[in-house]
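Enquirer: Below are the structure tokens for one structure; questions will follow.
The values are calculated or read from the model by the stated rules, or taken from the named source; none is laboratory data. Since the structure is predicted, the reported quantities are computational estimates derived from the model, not experimental observations. Reconstructed Cβ throughout: ideal geometry from the backbone, glycine too, with neighbour counts over all protein chains shown. SASA here: full protein model, heavy atoms, side chains in, ligands and nucleic acids out. Shrake-Rupley method; radii C 1.70, N 1.55, O 1.52, S 1.80 Å.
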Amino acid sequence: AQSVTQLDSHVSVSEGTPVLLRCNYSSSYSPSLFWYVQHPNKGLQLLLKYTSAATLVKGINGFEAEFKKSETSFHLTKPSAHMSDAAEYFCVVSLYNQGGKLIFGQGTELSVKP
Amino acid sequence: EAEVAQSPRYKITEKSQAVAFWCDPISGHATLYWYRQILGQGPELLVQFQDESVVDDSQLPKDRFSAERLKGVDSTLKIQPAELGDSAMYLCASSLAGDRSTDTQYFGPGTRLTVL
């Protein structure tokens, strides 16, 4: 079965310091992986996606993620956190054999301290 | 930039009442999804439409939930009767084709339902 596990339910960083949100996946197929961000009481916005092209994927707002097959990981990083980055982040896998059905991780809440 | 529209944004109802949510996907998107997101969790798919046809409703509680997309454009999700456990955010998403794992789903702002 395909699934994702977000290793931290909450991450707190100071403004201007690096961000690391960890995600491991389980998939029998070459997966498509996504990171979405959700601000309070808002819908989800796509940050970036991996679809078996370049393993280092650049997204919006300075975020990037690296697909590492040997580690079954797809961690999200940003060199310098901004106050506006405070939100909930979801790592998502798309099911190859079920027409693109998305399976979401439990989410990581990112707090940014001034 | 085109967006997925949802209404209402917030809905408060009493248990045993009927509620309905509306979604208008991005123009030209063939696939439409309804998700339920319980507080503190990731969204879970309730139903997926390809044009006007349901392709996956395996997680839809069919005794009380119904969904339709009659003309293959906008969609309505209904709950009758509402129960306390239905309190959640209901998200609508759309994608261009939807039958490939590489497709991007675009989400609306959601409807926050509170059942008293």
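Enquirer: Considering only protein heavy atoms and a 1.4 Å probe, what is the carbon-and-sulfur percentage of the accessible area of segment A:44-107?
Expert: Of the solvent-accessible surface of segment A:44-107, carbon and sulfur hold 51 percent.
Enquirer: Roughly how far apart, in whole Å, are the Cα centres of segment B:40-55 and segment A:1-54?
Expert: 20 Å
Enquirer: So, for chain B, what is the accessible surface per residue at a probe of 1.4 Å, expressed in square angstrom?
Expert: Normalised by residue count, the accessible surface of chain B is 49 Å².
Enquirer: Tally up the carbon and sulfur contribution to the accessible surface of segment B:16-116 as a whole percent, 1.4 Å probe, everything protein left in place.
Expert: 49 percent
Enquirer: From the cross-link list B:LYS11/B:LYS78; A:LYS42/B:LYS71; A:LYS49/A:LYS78; A:LYS78/A:LYS101; A:LYS49/A:LYS113, which pairs have alpha carbons spaced over 21 Å apart?
Expert: Going by Cα-Cα distance, A:LYS42/B:LYS71; A:LYS78/A:LYS101; A:LYS49/A:LYS113 fall outside the 21 Å limit.
Enquirer: How much accessible area is lost when chains A and B come together, counting both sides, with a 1.4 Å probe, in Å² rounded to the nearest 100?
Expert: Summing both sides, the interface buries roughly 1800 Å².
Enquirer: Which of the chymotrypsin sites (Phe, Trp or Tyr not before Pro) across segment A:19-114 are loop residues per DSSP, with 15 or fewer other Cβ within 10 Å?
Expert: A:TYR29
Enquirer: Something else now. Apply the Karplus curve 6.51 cos²θ - 1.76 cosθ + 1.60, θ = phi - 60°, to the phi angles in segment B:61-74 and return the couplings in whole Hz, x for Gly and Pro.
Expert: x, 6, 6, 10, 9, 9, 9, 9, 8, 4, 9, x, 10, 7
Enquirer: Rg/Rh for segment B:36-91 to two decimals, with Rh computed the Kirkwood way over all alpha-carbon pairs.
Expert: Result for segment B:36-91 is an Rg/Rh of 0.97.
Enquirer: What span do the alpha-carbon atoms of the protein assembly as shown cover on each of the three principal axes, reported in whole Å from largest to smallest?
Expert: Over the protein assembly as shown, Cα extents along the principal axes are 48, 38, 34 Å.
Enquirer: How much space per residue, in cubic angstrom, does the convex hull of the C-alpha atoms of segment A:7-114 take up?
Expert: 97 Å³
Enquirer: Determine the residues within segment A:3-44 where the difference in accessible area between the chain on its own and the full set of protein chains amounts to at least 50 Å²; count protein heavy atoms only and use a 1.4 Å probe.
Expert: A:ASN41, A:LEU44
Enquirer: Run through segment A:47-112 and list the GluC sites (Glu not before Pro) located in a DSSP loop whose Cβ has at most 12 other Cβ atoms within 10 Å.
Expert: When the GluC sites (Glu not before Pro) of segment A:47-112 are filtered for loop state and at most 12 Cβ neighbours within 10 Å, A:GLU71 remain.
Enquirer: Of all trypsin sites (Lys or Arg not before Pro) in segment A:1-107, which ones are in loop regions per DSSP and have a Cβ with at most 13 other Cβ atoms within 10 Å?
Expert: Answer in residue order: A:LYS69.
Enquirer: Just to check, using Stokes-Einstein with a Kirkwood Rh over alpha carbon pairs, what's the diffusion coefficient of segment B:17-116 at 20 °C and 1.002 mPa s in µm²/s?
Expert: Approximately 158 µm²/s, per Stokes-Einstein.
Enquirer: Additional query: Return one whole number: the accessible area per residue of chain A in Å², for a 1.4 Å probe.
Expert: Heavy-atom accessible area per residue stands at 47 Å².
Enquirer: Moving on to the next point. Can you divide the C-alpha Rg of segment A:1-64 by 2.2 N^0.38 Å and report the result to two decimal places?
Expert: This ratio for segment A:1-64 stands at 1.24.
Enquirer: Let me ask something else. Output wanted: per-residue J couplings in Hz (rounded whole) for segment A:82-97, from phi through Karplus 6.51 cos²θ - 1.76 cosθ + 1.60, θ = phi - 60°, x for Gly and Pro.
Expert: Each residue's phi maps through the Karplus curve to give 10, 3, 6, 7, 4, 4, 9, 10, 10, 8, 9, 10, 9, 7, 4, 9 Hz.
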